[in-house]
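Every read-out reported here was derived from the displayed coordinates using simple, explicitly stated rules and does not represent laboratory data. The structure presented is a predicted model; accordingly, all values stated were derived computationally and were not measured. Note that we place each Cβ from the backbone using ideal geometry, even for glycine, and neighbour counts take in every protein chain shown.
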Amino acid sequence: MSAAYRVLRDASLRTRNTFGVDARAARLIEIADANALPDIAAAEFGDGAPMVLGGGSNLLFAGDPAGTVIALTARQVIVVSDDGDNVVIRADAGVEWHALVMSTLKQGYRGLENLALIPGTVGAAPIQNIGAYGVEVCDRIHAVEAFEHGVGLSRLDREDCRFAYRDSLFKREPDRYVVTAVEFSLSRNAAPHVEYAGVRDELAAMGVDGVPDAAQVAEAVIRLRRRKLPDPAVIGNAGSFFKNPIVPRAQAETLQAEHAALPMFRGDSDATRKLSAAWLIDACGWKGHRDGDAGISDKHALVLVNHGNASGMQLLDLAQRVAESVQKRFGVALEPEPRVVGAKW
Ligand code: EPU
């Protein structure tokens with residue numbers, strides 16, 4: 001072993017997942033130097049790809065992870081290029097996401113403000129292509145650095161990452177890559193994105209007239225999230241537990257004829273529509289529901305919550321019953337947004 005990494009045995013993961021589920025890792029390797037990954041892989045990984053743990057904000061431990069778990073701890077942020085307007089910054093995977101957003105804004109770089117207060121790390125952001133209030137992180141990604149098992153360290157341009165709604169190459173092939181750092185394209189002069197009605201209303205409530213600056217947009221987003229989403233530091237959760245389902249346009253139109261209030265948006269093409277999973281779940285009466293310590297948030301129907309000591313299996317069981325009831329009532333399949341570890345969805 002060297003300063004590049006350390007191995008912990010039978011490590012508790014309770015404080016390393018935002019659901020606060022009491023899972024354990026037989027072997028947890030903390031890696032401080034991502035450049036040493038090829039050597040560490042040869043020495044420590046064996047045959048199977050290890051599970052990569054970031055901020056633990058987008059996974060549900062329905063059981064203990066099989067095999068080795070790794071966590072990248074490097075937290076450096078550097079400016080790669082700066083032409084006076086456009087800036088490329090590079091952040092290590094272990095940097096806390098919200099801290100990065102706030103530090104870029106402080107330096108006058110715009111682009112990440114709509115993504116303020118999302119839990120998790122920089123390394124996890126491209127995997128599920130985090131998004132909120134009209135912006136997805138892929139809109140700001142310049143390149144992703146990763147270790148590819150069996151190949152080595154590589155750098156993928158944005159186009160190579162195959163980003164889609166809450167999806168990417170890294171999510172589709174979880175055993176292939178370990179994201180080690182992300183480069184972001186930001187700008188000192190970019191126009192703010194305020195097309196999301198909730199953000200505009202919040203800015204108005206803050207008394208902001210005219211074009212807001214990036215810090216004001218971030219503040220509006222932070223206020224919205226604090227009001228609408230439960231704080232994982234207070235009650236265990238992983239944000240939206242379900243993706244908004246994308247269905248054929250004809251199916252969406254039939255549903256809307258029966259349920260005029262069902263919110264829907266353009267899907268990935270004009271032939272599809274994205275439906276509001278929160279509305280569907282709410283309509284089935286689940287908001288605020290609680291079975292022991294497993295529950296559905298009373299603030300937002302899309303958020304599965306752990307009121308204290310729910311096990312991962314209890315949370316998964318509740319989520320599956322929610323999905324079944326939506327399937328039965330609306331004929332729409334819901335899929336989890338977080339990664340479910342240790343059990344099948
Ligand atoms: N709604 C309900 N009941 C609720 C909550 C919402 O009926 O309890 C309806 C409302 O009509 C509302 C609509 O659902 O207008 C949409 O709600 P919201 O604006 O909160 O957005 P969302 O589609 O539920 C998505 C993301 C969030 C992101 C928000 C804002 C997904 C799976 N979720 O939620 O992301 O913050 O938009 O952009 O795409 C996350 O991924 O963890 C996450 C929180």
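How would 165, 177, 5 line up from fewest to most surrounding beta-carbon atoms within 10 angstrom?
In increasing order of surrounding Cβ atoms, one gets 165, 5, 177.
Could I have the simple spin-label model distance between residue 213 and residue 270, label points 7 Å from Cα toward Cβ, reported in nm to one decimal?
Distance between label points: 4.1 nm.
Between residue 103 and residue 234, what is 0.36 nm times their sequence separation minus the Cα-Cα distance? Round to one decimal in nm.
Residue separation times 0.36 nm, minus the Cα-Cα distance, leaves 44.7 nm.
Give me the distance in nm between label points sitting 7 Å out from Cα along the Cα-to-Cβ direction at residue 206 and residue 33, one decimal.
Each label point lies 7 Å from its Cα, and together they span 4.2 nm.
Scan the stretch 284-345 for trypsin sites (Lys or Arg not before Pro) in coil per DSSP, keeping those whose Cβ has at most 13 other Cβ atoms within 10 Å, and list them by number. Please report the intermediate quantities before stating the final value.
Values: sites: 287, 290, 299, 321, 328, 329, 339, 344; in loops: 287, 299, 344.
Hits after loop and neighbour filter: 344.
Give the calculated FRET efficiency between residue 256 and residue 227 to the nearest 0.05, with a Förster radius of 30 Å applied to their Cβ-Cβ distance.
About 0.60, to the nearest 0.05.
Rounded, prolate or oblate: which one fits the chain, using the alpha carbon gyration tensor with axes a ≥ b ≥ c (rounded when a/c is under 1.5, else prolate when a/b beats b/c, else oblate)?
Cα axes put the chain in the oblate bin.
If each of residue 14 and residue 197 carries a label point 7 Å out from its Cα toward its Cβ, how far apart are those two points in nm?
Using points 7 Å along Cα→Cβ, the separation is 4.4 nm.
Tell me, 97, 345 in order of fewest to most beta-carbon neighbours within 10 Å?
Fewest-to-most Cβ neighbours within 10 Å comes out as 345, 97.
Return the calculated 222 nm mean residue ellipticity for the chain, to the nearest 500 deg cm²/dmol, obtained by summing -39500 (n - 2.57) across DSSP H runs with n ≥ 4 and dividing by the residue count.
Values: 8 runs with 78 residues, N = 345.
The helix-only estimate for the chain comes to -6500 deg cm²/dmol at 222 nm.
Quick one: of the DSSP bridges fully inside the chain, what percent are antiparallel, nearest 5?
Within the chain, antiparallel bridges account for around 85 percent of the total.
Give me 199, 208 sorted ascending by neighbouring Cβ count inside 10 Å, so fewest comes first.
Working: 199 24, 208 17.
Sorted ascending by nearby Cβ count, the order is 208, 199.
Can you tally the lysine pairs in the chain where the Cα-Cα distance is under 22 Å and the two residues are eight or more apart, or on different chains?
18
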